[in-house]
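Here's the structure we're looking at; comments come further down.
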Amino acid sequence: MGWTHTQRHDFENDEQFIKSWIVGRGFTMHGWSDVPEKGSRGKKGVYYIAVSNDKNPGEVFAVLVLYEWTQDGRLNFLYKVMDETVGPFYYDCPSRILNLLTDTEYPEAITWRKQCRMKSGQALLAFG
């Protein structure tokens, strides 16, 4: 899957953007965090979002939205959406988001969660 280019206005903050994308697609947002890429001055990074599908509200899982602001005046915002079951190679998810997730049986999601906890130093607390 590729990246989506769109126009994003300066007055639209991160939370408004995320909610407009998540809520309009049959999901409920339980928490989110922005982790900018080091040295990017907030122009590039990952949103980590805890969501549930409205058809199965008891299951909370992670969605990642990679983002990048560009210099293009009209299509100035790029983003790519994936969930934890694809085994993304982004492991900076804050523990406060990981703690909102319910148990899962997806091997890729389990591995991803463990990697995130190990990177944040929370492995012993979560799995010890």
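Remarks
- For the stretch 23-30, the criterion of being hydroxyl-bearing (Ser, Thr, Tyr) and out of contact with any Cys (no Cβ under 8 Å at 6 or more places or on another chain) is met by at least one residue.
- Consider the stretch 49-68 and keep the residues that are of a type in the set (S, T, N, Q) and at pLDDT below 90. The one that is nearest to Gly2 (Cα to Cα) is Asn53.
The values are calculated or read from the model by the stated rules, or taken from the named source; none is laboratory data. Only a predicted model underlies this, so the values are computations on that prediction, with no experimental measurement involved. Cβ: placed from backbone, ideal geometry, glycine included. Neighbour counts: every protein chain shown.
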